[in-house]
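Colleague: The structure's right below; bear with me while I get my questions together.
The numbers here are math on the coordinates, done by the rules we state, and not lab data. As the structure is a prediction and not an experimental result, all values here were calculated from the model. Cβ sites come from the backbone with ideal geometry, for glycine too, and all protein chains shown count toward neighbours.
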Amino acid sequence: MQIAISFSGKRKNICEAAAIAKQQGAKVIAIVGNKQQTPLVQLADYVLESIAGENEWRSSSISSRAAQNTLTDLLFLALLQKREVKARSLIINARLMINKLDE
């Protein structure tokens with residue numbers, strides 16, 4: 001599974017990564033600013049729309065990032081609950097790798 005995050009759904013590098021993941025059999029979840037028919041939306045198996053838009057003070061940008069962080073956290077927690085045994089070993093391995101980086 002790949003989670004692709006793009007405000008516009010048009011970023012070339014994000015779309016290319018999603019296309020490669022899809023070719024390799026992964027499901028693609030797109031988190032986008034709107035559900036217009038963009039390249040990323042067309043590639044995705046699932047599309048989640050988050051807050052988008054800009055204003056003079058860029059508070060919309062902050063809101064967008066907060067919404068996207070919340071969505072990715074919820075997806076992560078859902079996957080942990082669904083695949084509890086496998087998830088535990090992956091988290092332990094990730095923690096060990098992070099500890100090695102800190103050394």
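Colleague: Please report, in debye to the nearest 20, how large the charge dipole of the chain is about its Cα centre when each Lys and Arg carries +1 at its beta carbon and each Asp and Glu carries -1 there.
Modeller: Computed about the Cα centre, the dipole is about 300 debye.
Colleague: Sticking with this one: Counting other Cβ atoms within 10 Å, which trypsin sites (Lys or Arg not before Pro) in segment 1-49 have at most 13 and lie in a DSSP loop?
Modeller: Loop-located and lightly packed - Lys27, Lys35.
Colleague: Can you tell me the 0 to 90 degree angle between the C-alpha axis of helix 84-102 and the longest principal axis of the chain, rounded to 10?
Modeller: Taking Cα atoms only, the helix is inclined about 90 degrees.
Colleague: How many lysine pairs in segment 2-102, separated by 8 or more positions in sequence or lying on different chains, have Cα atoms less than 22 Å apart?
Modeller: Eligible lysine pairs with Cα atoms under 22 Å apart amount to 12.
Colleague: Let me know the volume per residue of the alpha-carbon convex hull for the chain, in Å³.
Modeller: Per-residue hull volume (Cα only) is 132 Å³.
Colleague: Quick check: the angle from helix 12-23's long axis to the longest principal axis of the chain, C-alpha only, nearest 10 degrees?
Modeller: Computed tilt is about 50 degrees.
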